[in-house]
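The values are calculated or read from the model by the stated rules, or taken from the named source; none is laboratory data. Source: prediction; values computed, not measured. Cβ placement follows ideal geometry from the backbone for every residue including glycine, while neighbour counts extend to all protein chains displayed.
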Amino acid sequence: MSERADQLRAQILELVAEYTAEAFPPRQFEPGSSAVPVSGRVFDAIDLQHLVDSSLDFWLTTGRYADQFEKEFARFFKMRHAILVNSGSSANLLALTSLTSPLLKERQLQPGDEVITVASGFPTTVNPILQNNLVPVFVDVDIPTYNIDTQYLESARSEKTRAVMVAHTLGNPFNLHEVTEFCKQHNLWLVEDCCDAVGASYNGQPVGRFGDVATVSFYPAHHITMGEGGAVLTDKPKIKKIVESFRDWGRDCWCDPGKENTCGKRFNWQLGDLPHGYDHKYIYSHIGYNLKVTDMQAAIGVSQLRKLPEFIQKRRDNFDYLHQSLQDLQEFLILPQATPNSQPSWFGFLIAVRDGAPFTRNELIQFLDRRKIGTRLLFGGNLLRQPAYRHIQHRVASPLKNADFIMNNVFWIGVYPGLDYPMLDYICESLHEFCKSQGINV
């Protein structure tokens with residue numbers, strides 16, 4: 001790169017900062033007129049500068065920023081490896097699919113093996129089980145933590161059980177003590193879906209470290225964003241190698257894009273029934289995909305990662321503010337609770353309308369919607385009642401009473417860093433006003 005090119009790059013990045021200030025100025029919140037979303041991107045000039053800086057390289061696949069992000073993100077989780085992918089859904093697919101690799105020998109997951117999960121999870125926590133011809137075994141969750149009810153683990157186990165794959169619901173860790181002990185006792189794989197839980201901890205340790213493999217998402221709604229993007233985390237070098245293979249077309253070669261002969265014997269391998277010396281860049285050890293992220297996305301992630309501790313604390317502060325402000329509505333509303341021994345990194349604030357309340361969840365969320373206050377349901381409710389899952393092969397190992405309750409009674413509101421106290425006050429005032437309109441003294 002010439003000196004003149006470096007000077008132009010610096011000028012461009014200075015202009016990007018000026019553009020950001022002009023194009024994205026702070027907006028005054030106006031109750032009733034301004035939207036109060038459940039989630040959203042929180043960014044600044046530095047994020048845009050990273051994006052533009054990467055684009056000026058015109059290196060459109062994974063590159064220097066991806067390498068940097070993987071190292072720094074793994075360090076944040078106190079883990080050895082972070083493998084960037086193009087979405088949290090792809091991360092879940094790769095995490096579970098990696099356990100089907102023949103390189104794992106006797107622990108390789110086989111078609112028909114069973115994986116314990118919950119019926120009220122997000123679809124892409126369950127879909128990889130089905131996509132790998134495995135059998136999901138559904139159990140219920142506890143309320144008000146909304147996490148897997150560990151009392152059903154033993155009843156869910158059979159001679160075909162090989163793994164457990166569950167998420168930390170909306171940033172609230174599940175009971176990792178009970179689940180990890182169960183997995184160790186029965187030699188089961190544990191996949192931790194941390195897509196909503198970056199920064200959460202259990203017994204002082206980051207979630208993601210307890211299982212064999214973990215996943216995160218960088219969709220705009222999540223704790224940090226790349227627009228799209230995700231990552232697979234593991235401490236196991238063999239699983240890292242397998243995940244990268246499945247991510248990169250299934251190839252056996254581990255050269256980074258644009259590089260070759262990292263192993264030093266590119267034309268000296270003998271694998272499968274191929275002739276000796278077949279180019280290692282075109283030897284495939286798995287039936288894989290192309291699920292890489294672009295370096296422009298990774299560049300945003302590097303910048304966002306600097307803000308992650310601040311984002312996590314803001315989410316916790318917003319959660320605590322809502323929890324304290326809504327205490328007097330608990331006769332009719334169930335407020336969320338953290339799992340014992342955990343410190344959540346909240347993704348949202350769950351609210352359940354109690355059975356017997358003089359109003360329904362739908363009436364309440366429609367009232368909030370009219371006031372431009374965003375709400376979301378807890379994903380698919382009971383997934384087994386969704387059209388896509390009506391005829392899947394599965395097993396139900398517990399009554400799904402709470403999954404059905406979630407389907408009918410539960411929703412959540414935002415706690416993301418883009419919400420300030422005037423917005424939170426407006427949410428709380430609206431909830432109180434609705435209850436008063438139903439004849440409730442608050």
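Points worth noting:
- Annotation note: of THR125, THR215, the sole residue that is assigned to a helix (DSSP H, G or I), within 30 Å of PHE43 (Cβ to Cβ), in contact with a helix residue (DSSP H, G or I) (Cβ under 8 Å, 6 or more places away or on another chain) and not aromatic (Phe, Trp, Tyr) is THR125.
This table checks each residue for (1) aliphatic (A, V, I, L, M); (2) under 30 Å from ILE351 (Cα atoms); (3) without any contact (Cβ under 8 Å) to a residue 12 or more places away in the chain.
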| position | (1), (2), (3) |
| --- | --- |
| ARG80 | no, no, no |
| ILE83 | yes, no, no |
| LEU94 | yes, no, no |
| LEU134 | yes, no, no |
| SER158 | no, no, no |
| GLY171 | no, yes, no |
| CYS183 | no, no, no |
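- Some residue of region 219-226 being surrounded by 24 or more Cβ atoms within 10 Å (Cβ to Cβ), in a strand (DSSP E or B), in contact (Cβ under 8 Å) with a residue 12 or more places away in the chain and in the same structural domain as THR100 (by TED's automatic domain parsing): no
- Selection status of ILE300, assigned to a loop (DSSP other than H, G, I, E, B), closer than 30 Å to ASP57 by Cα and either free of Cβ contacts under 8 Å to residues at least 60 places away in the same chain or not charged (D, E, K, R) (or both): no
- Entry remark, region 78-97: residues being under 14 Å from SER217 (Cβ atoms), of a type in the set (A, V, I, L, M, F, W, C) and in a loop (DSSP other than H, G, I, E, B) number 0 in total.
- Of all the criteria given as (1) within 29 Å of SER34 (Cα to Cα); (2) among the aliphatic types (A, V, I, L, M); (3) surrounded by fewer than 19 Cβ atoms within 10 Å (Cβ to Cβ), the one not satisfied by LEU364 is (3).
- Taking each residue of region 232-243 that is in contact (Cβ under 8 Å) with a residue 40 or more places away in the chain and looking for partners that are part of a loop (DSSP other than H, G, I, E, B) with beta-carbon atoms closer than 6 Å, six or more apart or interchain, yields LEU233/PHE77; LEU233/MET79; LEU233/GLY208; ASP235/MET79; ASP235/ARG80; ILE242/SER101.
- Which listed residue, of GLN28, GLN49, is part of a helix (DSSP H, G or I) and over 22 Å from the mean Cα position of the chain (by Cα): GLN49
- Restricted to region 408-428, and to residues there that are assigned to a helix (DSSP H, G or I) and among the aromatic types (Phe, Trp, Tyr), the residue that is farthest from PRO31 (Cα to Cα) is TYR421.
- Within region 175-206, being assigned to a strand (DSSP E or B) and surrounded by fewer than 21 Cβ atoms within 10 Å (Cβ to Cβ) holds for LEU190, SER201, GLN205.
- Counting only residues that are under 15 Å from THR294 (Cα atoms) and touching a strand residue (DSSP E or B) at 6+ places or on another chain (Cβ under 8 Å), region 17-70 holds 4 of them.
- Some residue of region 431-440 being at pLDDT 95 or above and closer than 23 Å to ASP317 by Cα: yes
- In the set (1) in a helix (DSSP H, G or I); (2) under 18 Å from the mean Cα position of the chain (by Cα); (3) among the small types (Gly, Ala, Ser), SER54 fails one condition alone, (2).
- For ARG247, the stated conditions do not hold, so it cannot be described as under 22 Å from GLY414 (Cα atoms), basic (Lys, Arg), within 20 Å of the chain's Cα centre (by Cα) and surrounded by 21 or more Cβ atoms within 10 Å (Cβ to Cβ).
- Search result, residues across region 1-56 that are charged (D, E, K, R), surrounded by 14 or more Cβ atoms within 10 Å (Cβ to Cβ) and at pLDDT 95 or above: ARG9, ASP44, ASP47, ASP53
- Of the residues making up region 367-391, just one is of a type in the set (Gly, Ala, Ser) and outside any loop (DSSP other than H, G, I, E, B), namely ALA388.
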